[in-house]
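Take a look at the structure set out below.
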Amino acid sequence: MTEINYTFKEKVLFILVPISYPRMYTQSIGAVVIIVALFVWSDDQLRRQLSTKPISGIITDIKIGSKGGSAGGKYSGRSTYYHLQIAGYKRNFELADASVFENWQLDEDDFKKGDQASFSIMAVEESYRQKPTEYLMQRNIDWPQESSSIKIYGLNINGKRVLSANATIRGQTYGRWFWLMVPLFMYAFFCILIRTQLKNWTQAAENKDLDGVI
């Protein structure tokens, strides 16, 4: 029997490209399971780190800025950052609609100076609440630095919920792992497409279709 020596490229393609329907479903479902498991794990880890003591007070100052994407709208890849100063605290608090889990839920019209705000922060950041924020002059405005701001999880304004803490956590999870989640999702779709062409979803259906051609 002649031994076939496969190149490294051929070995990689054999592993990644489904050559049968069982392989297609196994690899596609496996990729989705990894995405879900990663999302649930990261979501749970963040939830456990939230402080049980909410921040509450009057908004004394708001600074709004954005970065990334274009000016075409919320879903163009642009992230809007809201920096809130709360009475009684020296540290700046930052809220960002940086993902699809957050940016459809809030807008700058949802809060203003003088409103009563309450929200959660991470437990490890409780000790920073009374440390002054560091500012950097940008376009003649003293802009609070992200590294010197405390991230807001969820937001209630005058007793009304504007953004849930769960949405903020999901948004942060997605932002942290999108570089892995998106390729895995694309790979799952690729496995289905390469095997079925989005037409024959079983080997029997493909055989039947081929029998009609021959």
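The values are calculated or read from the model by the stated rules, or taken from the named source; none is laboratory data. In this text, all values refer to a predicted model and were calculated from it rather than measured experimentally. Don't worry about glycine lacking a Cβ; one is built from the backbone with ideal geometry, like all the others, and counts go over all protein chains shown. All accessible areas refer to the heavy atoms of the entire protein, side chains included, with ligands and DNA or RNA removed. Shrake-Rupley method; radii C 1.70, N 1.55, O 1.52, S 1.80 Å.
Tabulated data
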read-out: Label zone at D110 (point 7 Å along Cα-to-Cβ), backbone N below 20 Å, region 120-164; value: 120-122, 150-164
read-out: Alpha-carbon Rg with Dmax, taken over the chain, Å; value: 24.6, 84
read-out: Theoretical gain in end-to-end length, R176 to S147 [0.36 nm per residue, Cα-Cα removed]; value: 8.8 nm
read-out: Helix runs (DSSP H) in the chain reaching 20 Å along axis by Cα, Kyte-Doolittle at least -1.0; value: 21-49, 165-196
read-out: Label-point separation in nm, Q45 to L198, each point 7 Å along Cα→Cβ; value: 3.5 nm
read-out: Distant-in-sequence amide H partners of F111 (H built 1.01 Å from N, under 5 Å); value: none
read-out: D110 - accessible surface, heavy atoms, 1.4 Å probe, Å² rounded to 10; value: 60 Å²
read-out: Alpha-carbon centroid distance for the pair region 83-98 / region 137-181, whole angstrom; value: 9 Å
read-out: Candidate lysines - alpha carbon under 27 Å from K113, same-chain residues fewer than 8 apart omitted; value: K53, K63, K67, K74, K90, K131, K151, K160
